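Reading through the structure tokens given below for one structure.
Every number in this text was worked out from the coordinates using simple rules, so none of it is lab data. Quantities reported herein were computed from a predicted structural model and do not represent experimental measurements. Heads up, the Cβs are rebuilt from the backbone with ideal geometry, glycines too, and the neighbour counts pull from every protein chain shown.
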Amino acid sequence: AQSVTQLGSHVSVSEGALVLLRCNYSSSVPPYLFWYVQYPNQGLQLLLKYTSAATLVKGINGFEAEFKKSETSFHLTKPSAHMRDAAEYFCAVSRPNFGNEKLTFGTGTRLTIIP
Amino acid sequence: GAGVSQSPSNKVTEKGKDVELRCDPISGHTALYWYRQRLGQGLEFLIYFQGNSAPDKSGLPSDRFSAERTGESVSTLTIQRTQQEDSAVYLCASSPTRSATDYQPQHFGDGTRLSIL
């Protein structure tokens, strides 16, 4: 079985400050890991993914995440927050498969940017 | 359009009624997933279709829920005798068949917001 825990359902940072959203996973096999962003009344957009290549993954909009097996973590960071980063962020895990790669999601972190 | 299309975008219905939600995947995408997002929660997997293979229905919460997909085209999710706890956003995602070395991410639609009165 797989699971994801996102620490902090709400995070507020000042514009220009570091963004850090935490994600820890549990998986019985080497996982694939993802961060998705959801803007109001929209679907999910993939920010970045880890699929067993480089452990430091760079995504869109200046975000990056580091896969740390020893800590079972995949935290999302961005050096300098922008107002447009305000959204809900979901961490997800899947089991590598050549067929069904259903995603198991965390409960989400709502990011607020303070002007 | 180029993306995953879901209809209706919003649906309000009375408890006990049946509802049907539709998903048009991206053309050529063989895999299709349905997820449910209840207020304040993450997404829960419901069902997976891959071409003409038997679907993975392991996430369907009760026998009131069913889904169909013909080949690699449109999918419909049906909820019979709706209950208030069925209120949620239902999201559809599709992805292409992937090779051994090239992961293909899921592309999500904007969802159907279902409200049961």
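How shielded is A:99-112 by partner chains, expressed as the average number of their Cβ atoms within 10 Å of its Cβ atoms?
Details: counts 9, 10, 9, 13, 9, 4, 7, 3, 4, 5, 0, 1, 0, 0.
Mean shielding count: 5.
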Worksheet item: Across the residues of A:83-94, average count of Cβ atoms on other protein chains within 10 Å?
Response: 1
Worksheet entry | Residues of type lysines that B:Lys17 reaches as a straight line, Cα spacing below 30 Å, ignoring anything fewer than 8 places off in the same chain | A:Lys102, B:Lys57
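Computed from the mean reciprocal separation of all distinct C-alpha pairs, what Kirkwood hydrodynamic radius does the protein assembly as shown have, in Å? Mind dumping the intermediate values first?
Working: mean 1/r = 0.0547 Å⁻¹.
Roughly 18.3 Å, rounded to one decimal.
With a cap of 11 neighbouring Cβ atoms within 10 Å, and only residues DSSP puts in a loop, list the trypsin sites (Lys or Arg not before Pro) found in segment A:68-112. Before the final figure, lay out each step's value.
On the way: sites: A:Lys68, A:Lys69, A:Arg84, A:Lys102, A:Arg110; in loops: A:Lys102.
Passing sites in segment A:68-112 do not exist.
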Worksheet, complete the sentence: By the mean-Cβ-within-10 Å protection proxy, highest first, A:33-41, A:54-62 rank as A:33-41, A:54-62
Discussion item. I'd like the Karplus ³J(HN,Hα) series for segment A:8-23: coefficients 6.51, -1.76, 1.60, θ = phi - 60°, whole numbers in Hz, and an x wherever there's a Gly or Pro.
Written reply: x, 6, 9, 10, 10, 9, 7, 4, x, 8, 5, 9, 9, 10, 9, 9
Discussion item. Using Cα springs under 10 Å in a Gaussian network model of chain B, which residue among B:Ser58, B:Ser94, B:Ser73 shows the largest mean-square fluctuation?
Written reply: B:Ser58
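State whether segment A:41-112 is rounded, prolate or oblate according to the following rule on the C-alpha gyration tensor (a ≥ b ≥ c being the square roots of its eigenvalues): a/c under 1.5 gives rounded; otherwise a/b larger than b/c gives prolate, and the remaining case gives oblate. Please list the in-between numbers first.
Working: a/c = 1.90, a/b = 1.32, b/c = 1.44.
Oblate is the answer for segment A:41-112, as a/c is 1.5 or above yet b/c matches or exceeds a/b.
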Practice prompt. Would you mind checking which residues have amide H under 5 Å from B:Ser5's amide H? H placed 1.01 Å from N; only 5 or more apart, or other chain.
Written response: B:Asp24
Response to the item:
Per residue of B:48-61, other chain Cβ atoms within 10 Å number on average 1
Worksheet item: Between A:Val19 and residues 5 or more places away or on another chain, which pairs have amide H atoms under 5 Å apart, with H built 1.01 Å from N, and which residues are they?
Response: A:Lys78, A:Ser80, A:Ala81
